[in-house]
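Reading through the structure tokens given below for one structure.
Any read-out appearing in this document is the output of simple, stated calculations on the displayed coordinates, not a laboratory observation. No experiment lies behind these values; they were computed from the predicted model shown. When we count neighbours, we look across all protein chains shown, and the Cβ atoms used for this are built from the backbone with ideal geometry, even at glycine.
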Amino acid sequence: MHTASPPRAAAAAEPEPESLNPKLLFSSPLTPPDLTVTIGDRGPARREIARIAAGRIEVAVSAGIDAGRRHFTYSDPIGAQPRPYLLKVAPMMTFGLEAYPLASTGLPFLQDLGFRGGVSRAFAVDSSTTDGVTIQTSWTRFGGEVRERVLLGGRHPVELGIAAGVDASYFTMTAKGVVPALVPSARTLALRFGADVRLQLTHRFSLLAGGAYLSTTTRGEIYDRFRGPRVAGVDADVGGALALSPGLEARLTGRYTRYFAAFKPEVGDVAVAGGALDEQIQVGMGLRYAH
Amino acid sequence: MRTERRRWVWLAGMGLALLGATGCPGTLADKERFLVDAGPSPDGGDPCGDVPTRLFVPRCGGSGCHGATAPQQGLDLVSPGVAARVVGVPAISCAATLATPADPASSFLYTKLAVKPPCGAQMPLAQAPLSSDDVACILEWIAAQ
């Protein structure tokens with residue numbers, strides 16, 4: 001796959017720069033274990049070899065099946081309106097894309113600047129109240145962000161990332177009748193500022209972790225039922241990746257998202273509570289292919 | 001390289017710890033204030049308390065009901081000034097007056113609480129009926145307007 005025009009004799013006459021020696025660089029599952037190719041002394045092929053040897057992916061796609069859970073609770077609720085809500089578990093489908101368009105250019109900073117996005121959607125999540133009122137429910141999570149990565153070599157290579165973008169959780173609930181409580185329907189959109197790390201423990205296995213702060217720009221319907229709502233959130237990701245073949249890995253991941261709200265109710269308000277906590281958990285497994 | 005690596009990992013760990021330490025919802029600083037005003041007088045002088053606040057708001061002002069926003073049948077039982085919106089005002093869906101202080105038992109606001117109201121379904125819809133004490137409070141409130 002990786003070819004170059006000069007014969008081996010020519011390559012031997014001009015020693016290969018140290019930066020292209022795979023043994024001295026980031027060793028990732030992307031790197032074939034027997035990277036024995038002949039390379040030219042310059043040009044795109046040379047840069048491509050360097051990119052692969054450094055574990056600097058250009059594009060990655062992923063897909064998986066998750067289980068989602070949502071628990072919405074109030075702090076200091078008054079009256080019958082603010083009631084907790086629990087979605088025990090819902091199956092979800094997840095797709096993701098990550099790309100670094102300039103990964104092969106060798107340009108500092110820009111070669112590690114990319115974007116990534118993902119979408120998850122739950123299905124079969126309709127529910128009903130104890131009074132028999134059906135609540136049509138849908139849950140979609142999506143996001144996109146710009147990411148800058150830092151690759152650190154060594155015995156256990158590390159990839160660090162910082163990212164900024166948007167994150168959304170659209171949890172909509174529509175009742176086909178009167179529900180004697182507030183329905184925690186929320187289409188929450190937030191700016192996401194996060195950091196993540198990938199630590200390669202062995203040649204095949206890596207640990208994944210990350211976290212972010214969510215600055216909401218659109219709170220969601222449930223919060224607007226209260227006076228003076230302030231909503232923000234955090235999320236945390238953990239997981240593991242097992243390399244199956246060059247570029248292909250299986251992943252087990254989990255994400256915990258926590259939106260927290262504070263209200264300023266006044267006597268006489270329809271809905272009274274001190275605040276609310278919206279906890280969303282997503283755990284799943286899938287495949288990721290990186291080039 | 002090793003020092004730089006440690007520094008990055010340390011920063012990442014600190015960032016994650018900081019995120020974990022945040023994220024608590026708000027609380028009510030004076031919860032008693034809402035409980036007292038929403039319920040009967042604590043001294044026992046008035047067992048009904050403020051009827052609009054204690055009964056109309058929590059029992060009639062729910063999602064899709066008679067709240068301040070897009071109320072059913074145009075009847076807002078939540079916003080301040082309920083009396084002005086019901087006394088002598090005809091009901092939209094049925095031939096009745098919402099509240100008649102001179103004859104409170106004929107008020108639609110009262111008759112709708114019965115198991116078999118003269119028009120439509122019993123209120124509150126899809127909820128437990130009001131207790132007889134609460135119904136008596138509403139009757140008393142109508143008479144007092």
Next on the checklist: Need one number: nm distance between label points at B:Asp103 and A:Leu252, each 7 Å from Cα along Cα→Cβ, rounded to one decimal.
Outcome noted: 7.5 nm
Checklist entry - Of B:Asp30, A:Asp196, how do they rank once you tally other Cβ atoms within 10 Å and put the fewest first? => result B:Asp30, A:Asp196
Item to check | Spin-label model distance (nm) - A:Asp224 vs A:Ala80, 7 Å beyond Cα toward Cβ | outcome: 2.6 nm
Checklist entry - With charges only on Cβ, +1 for K and R and -1 for D and E, what is the dipole size of the stretch A:149-244 about its Cα centre, in debye, rounded to 20? => result 100 debye
Next on the checklist: I'd like the distance between the alpha-carbon centres of the stretch B:75-122 and the stretch B:129-145, rounded to an integer number of Å.
Outcome noted: 12 Å
Checklist outcome for this item: Among A:Ala195, A:Phe260, A:Val183, the residue whose Cα sits farthest towards the positive end of the charge dipole of the stretch A:140-289 (+1 at Cβ of Lys and Arg, -1 at Cβ of Asp and Glu, taken about the Cα centre) is A:Ala195
Checklist entry - How many Cβ atoms of partner chains, on average, are near each residue of A:260-272 if near means within 10 Å of its Cβ? => result 6
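Give, in nm to one decimal, the length gained when the segment between A:Glu266 and A:Leu102 is fully stretched (0.36 nm per residue of separation minus the Cα-Cα distance).
Gain on stretching A:Glu266 to A:Leu102: 53.6 nm.
Just in the stretch A:41-91: which trypsin sites (Lys or Arg not before Pro) are loop by DSSP and have at most 14 other Cβ atoms within 10 Å?
A:Arg42
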Checklist entry - Label point 7 Å out from A:Phe205 along Cα-to-Cβ: which residues of the stretch A:277-291 have amide N under 19 Å? => result A:284-288
